[in-house]
Amino acid sequence: MPRFFFDIDDGESRETDGRGSELLNAQAARNAAIAILPDVAREELPDGDRRTFMCKVRDESDNVIFIATLSLVAEWINRGVSAK
Amino acid sequence: MIEFLIRKLERFAPLTAEERESLKLLPSKVRNFERGQTIAQQGARPDESAILLEGCAFRYKLLKEGARQIVSVQIPGDFVDLHCFVLRPLDHAVAAASPARVGRVPHEAIRQLLAKHPRLSESLMWDIAVDGAISREWLANQGRRSAYEQLAHLFCELYFRMDWAGLVQEQGFELPLTQIELGDACGLSSVHVNRSLQALRQDGLITFENHRLTVPNIEALVSQADFDPAYLHLLG
């Protein structure tokens, strides 16, 4: 099975995947990239009101073949003061 | 080796020489399994139980569309399905995670053992109860901990169990589970497992190469995992 590398940027730090995961094909890598984002977000939230989580998929030749992003936009309504 | 079972049962209560000899005679025949082979089928009604003598195995359930949940990991000295002595059909399957040697123990032999040594019924009841305690810990682990903590916790559990069996050498042991199997044991995708393993490595808590897990500082891993070995009931 081909190996794909999943670099994750949670808006605060970037992780480069040095080992990769074996997956059936590019479609499976796409699905895995999308599926990892809510998992990452679940562990990071609720810190911050604006967060973007990104997963970049590289193939064995180091070509970026897919990028998925997941955004959180959270704001208070009619509170008149900063959430801080 | 059956000695692993004897050593484990003695964590609960010391055994007499006669009880130990009778336990040694329990496995009627020994079978070898390849990695990935099924040791017991879900839904089967076996009239014997299996004890892992060498290697690693896991219990699992198959869900729809081929999804799999690993519900426990067995190491040498563990019965993989002692409960099928009273619980049939088997509500899970068992597979070998590495080349494995498995002793088959006919239920009739267990009946004769308990008739001869009634005290051993408490020991075997203890063994099944510890299995239940481990399952409860896995439930809490998967329900409430991050991927990083879950893997750290699983590694702590296996480290302590292997250590008590005398199978930890140079702060490490054979761990044949793949990234996918670790994911199936923790309810995580293999990509998420990969990411969390990388973080555990970067934090200096583990090395995991060629199916060998090394823990340079078990106290540090225990602390990260929020691990308390009391649920293993192996402290004697």
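Brief remarks follow.
- Mean ellipticity per residue at 222 nm, deg cm²/dmol - from DSSP H runs of n ≥ 4 across chain B, formula -39500 (n - 2.57): -13500 deg cm²/dmol
- Contact order relative to length of chain A, as percent, for alpha carbon pairs under 8 angstrom and 6 or more apart: 31
- Helix A:26-44 axis, angle to chain A major axis (alpha carbon atoms, nearest 10°): 30
- Spatially proximal aspartates and glutamates relative to residue B:8 (Cα-Cα < 18 Å; intrachain offsets below 8 disregarded): B:18, B:19, B:21, B:54, B:78, B:81, B:122, B:127, B:131, B:157, B:163
- Three-way shape label, segment B:189-236, alpha-carbon gyration tensor, a/c 1.5: prolate
- Label zone at residue B:167, where the point sits 7 Å out along the Cα-to-Cβ direction: segment B:22-65 residues whose backbone N lies under 12 Å: B:52-58
- Average beta-carbon neighbours from other chains, 10 Å sphere, peptide A:14-21: 4
- Net charge contributed by nearby residues that have their C-beta within less than 14 Å of residue B:107 (K/R +1, D/E -1): 0
- Between B:127, B:163, B:184, the residue with the greatest mean-square fluctuation in the GNM of chain B (Cα pairs under 10 Å linked by springs) is B:163.
- In a DSSP loop and with at most 13 other Cβ atoms within 10 Å, the GluC sites (Glu not before Pro) in segment B:159-236 are B:170.
- Here residue B:3 and residue B:223 are evaluated by their C-beta separation; at R0 = 25 Å the FRET efficiency comes out at 0.15.
- Distance cut-off 28 Å, percentage of C-alpha pairs in chain B lying past it: 29
- Radius of gyration and Dmax over the Cα atoms of chain A, both given in Å: 15.7, 55
- Compared with the dominant principal axis of the Cα atoms in chain B, helix B:2-12 is inclined by about 80°.
- Gaussian network model of chain B, Cα within-10 Å springs - most flexible of B:90, B:62, B:26: B:62
- Degrees between helix B:190-202 axis and first principal axis of chain B (Cα, 0 to 90, nearest 10): 70
- Across segment B:102-236, Cα-Cα pairs farther apart than 21 Å form 48% of the total.
- Of all aspartates and glutamates in the structure, the ones whose alpha carbon falls short of 13 Å from that of residue B:24, not counting any fewer than 8 places away in one chain, are B:3.
- GNM result for chain B, Cα springs below 10 Å: residue of B:21, B:157, B:149 fluctuating most strongly: B:21
- Prolate/oblate/rounded label for the protein assembly as shown (Cα gyration tensor, a/c 1.5): prolate
Each reported figure results from applying straightforward, stated rules to the coordinates on display, with no laboratory input. Predicted model, so just to flag it, every value in this text is computed and none were measured. Note that each Cβ is placed from the backbone with ideal geometry, even for glycine, and that neighbours are counted across all protein chains shown.
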